[in-house]
Structures are given as C-alpha cells and as structure tokens.
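Colleague: Submitted below is the structure of interest, expressed as structure tokens.
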Amino acid sequence: MLKGEVTFWSVHFFCLLLQTFKEKCMLKTLLISILIIAAGMVLLLVKVLLRKNGKFSSQHIHDSKAMKERGIHCVMDQDREMRRTARTAVSERSE
C-alpha cells in the first residue's frame, strides 16, 4: 500500500465515525426536545393545581368583559346580528 492511498477500510471507518457523530447529535436534539415538552407540561400541571376548581378561564371573546364593554362580539354573533337587521336578509330555514 502506498503512502496517502485511500483504502476501502479507511473510508468505511470514516463513514462509521461520521454516522456515530450524526446519531449522537440526533439523540441530543431528541432529548432536549423531550425535556422542553416535559417542562411545559409540568408548568401547565402546576397552573391547573394552583387554580380554583382546576380550570382555566374561558378564552372565548363572548366571555370577556373588556370585549363586551367595547361592543366586540364573536364572529358567529356578529353574523347572526347582521342577518337579523338586514332588510334583505335571506331566511336560513327552509319552509
């Protein structure tokens, strides 16, 4: 074998090292992702345990006092209102 000659075994060994490095990086990324998700779930669990009745407040627009004061309703309510007040409104029920 000549000096500097690349053999099958040297290439194979290099590929194995590279594959091992990639697998370690993927495993590290997977573990970090699992830890982040687990931390988020623990924080949500703590919030549920510390809340009254273990419930979150409603996130719907029609339940918000500030939105009601501004006259802002959810899209379904606004659509229903417009259909009632429009003089050219089409009946939604078939008779």
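The values are calculated or read from the model by the stated rules, or taken from the named source; none is laboratory data. Please read these numbers as outputs of a predicted model, since none were measured by experiment. Every residue, glycine among them, receives a Cβ derived from its backbone with ideal geometry; neighbour counts consider all protein chains shown.
Colleague: Taking into account only those residues within the range 28-63 that are touching a helix residue (DSSP H, G or I) at 6+ places or on another chain (Cβ under 6 Å) and among the hydrophobic types (A, V, I, L, M, F, W, C), which is nearest to Val75 (Cα to Cα)?
Modeller: Going residue by residue through the range 28-63, those that are touching a helix residue (DSSP H, G or I) at 6+ places or on another chain (Cβ under 6 Å) are 48, 54, 61.
From what's left, among the hydrophobic types (A, V, I, L, M, F, W, C): 48, 61.
Numbers: Val48: 29, Ile61: 9 Å.
Here the answer is Ile61.
Colleague: Could I ask something else about it? Quick check, is Leu49 modelled with pLDDT of 70 or more and surrounded by 10 or more Cβ atoms within 10 Å (Cβ to Cβ)? Steps first, please.
Modeller: Values: modelled with pLDDT of 70 or more: yes; surrounded by 10 or more Cβ atoms within 10 Å (Cβ to Cβ): no.
In short, no.
Colleague: Only one of Leu27, Leu17 is of a type in the set (A, V, I, L, M), at pLDDT below 80 and either touching a Lys or Arg at 6+ places or on another chain (Cβ under 7 Å) or not in a loop (DSSP other than H, G, I, E, B) (or both). Can you tell me which? Explain how you work it out, then say what you get.
Modeller: On the way: Leu27 fails: at pLDDT below 80.
Of the residues listed, the single one that is of a type in the set (A, V, I, L, M), at pLDDT below 80 and either touching a Lys or Arg at 6+ places or on another chain (Cβ under 7 Å) or not in a loop (DSSP other than H, G, I, E, B) (or both) is Leu17.
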